[in-house]
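Inspection log for the structure reproduced underneath, given as structure tokens.
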Amino acid sequence: MNEDHHAALADIRQSGMFSCADLVLLTLANRYGAGSLLSDLVKATGASYSTINMAKNSLEKKGYVVERFPERDRRVTKLYLTEFGKSAAQDRWDIIRILAGLEHVIKNAKPET
């Protein structure tokens, strides 16, 4: 994950405007199809393992992610975005960009005299 996205995710997490499932989607989107271990999602989002697991279950039910087991070690699972999940993640990034633009406008607005 590049530094800009890492900083953006930290800001999103602090804002409280997005759910843990949203953070998982955005984190997976920034992995460029590489998938992610649940433990890596815990580190990236700052959420607990049980919260990440609940988010994973919710995202699976919506068809946003799939869980895959590597052939050599079935104890390890990775989450991957589906095409539907990639689209949902892009929608969330679009919302974040709009909100960032509004924040910039508000900060730079001159008070009426």
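The values are calculated or read from the model by the stated rules, or taken from the named source; none is laboratory data. Remember, predicted model here, so these are calculated numbers, not experimental data. Quick reminder, even Gly has a Cβ in these numbers, built from the backbone with ideal geometry, and neighbours come from all protein chains shown.
Of all residues in region 66-79, one or more are modelled with pLDDT of 80 or more, charged (D, E, K, R) and touching a Lys or Arg at 6+ places or on another chain (Cβ under 6 Å).
The residues on offer are ALA44, ALA8, and the sole one that is part of a helix (DSSP H, G or I), in contact with a helix residue (DSSP H, G or I) (Cβ under 6 Å, 6 or more places away or on another chain) and at pLDDT below 90 is ALA44. Residues in region 42-62 that are touching a Phe, Trp or Tyr at 6+ places or on another chain (Cβ under 9 Å) and either under 12 Å from LEU25 (Cβ atoms) or in contact (Cβ under 8 Å) with a residue 24 or more places away in the chain (or both): how many? So the count comes out to 2.
Do you know which residues across region 69-97 are touching a Ser or Thr at 6+ places or on another chain (Cβ under 7 Å) and surrounded by fewer than 16 Cβ atoms within 10 Å (Cβ to Cβ)? Once the filter is applied, which keeps residues that are touching a Ser or Thr at 6+ places or on another chain (Cβ under 7 Å) and surrounded by fewer than 16 Cβ atoms within 10 Å (Cβ to Cβ), region 69-97 yields only PHE69. The requirement of being touching a residue at least 40 places away in the same chain (Cβ under 8 Å), surrounded by 12 or more Cβ atoms within 10 Å (Cβ to Cβ) and in a helix (DSSP H, G or I) is fulfilled somewhere in region 98-111, by at least one residue. Checked against (1) in contact with a helix residue (DSSP H, G or I) (Cβ under 6 Å, 6 or more places away or on another chain); (2) of a type outside the set (Phe, Trp, Tyr); (3) at pLDDT 80 or above, ASN30 passes all but a single condition, namely (3).
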